[in-house]
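Only the coordinates and a few stated rules stand behind these numbers; no lab work does. The shown structure was predicted, so the numbers you read here are calculated from the model rather than taken from an experiment. Backbone-built Cβ (ideal geometry, glycine too); neighbour counts: all protein chains shown.
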Amino acid sequence: MEVEGSSKKMIATQAEMVEARVPLPYRDQCAHLLIPLNKCRQAELYLPWKCENERHSYEKCEYELVMERMLQMQKIREEETKLKQQQKKQPLPIIPNTATAS
């Protein structure tokens, strides 16, 4: 499944996320890493020094998604500033074209 505006693909299916009881806000392109992380956490009784590899891979995935969104937003802002600068450069005509048309 392809997610619009993202370079990462959805690997976990909706059925897998429902079965693993992944909350809706966490059903993103990194959900395939969250499912084994949550299973490990439950098996290890949420001990903070356990499941380090799973947590690191999940957090890295989330970080990459955030950085990708930030870059997209930066490009949008740059395009908007270019458009505003172009609009400022275009002078308004003193006499409208409709007044001189015969």
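In the elastic network of the chain, a GNM with C-alpha springs shorter than 10 Å, the most mobile of Leu24, Leu71, Leu37 is Leu24.
Here is the list for segment 3-56: trypsin sites (Lys or Arg not before Pro) lying in DSSP coil, each with at most 11 other C-beta atoms within 10 angstrom of its C-beta, are Arg21.
Normalising the Debye intensity of the chain to I(0), with uniform scatterers on Cα atoms only, and taking log10 at q = 0.11, 0.12, 0.25 Å⁻¹ returns -0.53, -0.58, -1.29. To the nearest ten degrees, helix 52-89 and the longest principal axis of the Cα atoms of the chain are 0 degrees apart. The simple Förster model, with R0 at 41 Å and r as the Cβ-Cβ distance, assigns Thr81 and Glu59 a FRET efficiency of 0.80. Build a GNM of the chain with springs between Cα atoms under 10 Å apart, and of Ile11, Ile35, Ile76 the one that fluctuates most is Ile76.
Computed extension gain for Val66 through Ser6, at 0.36 nm per residue and net of the alpha carbon distance, reaches 20.5 nm.
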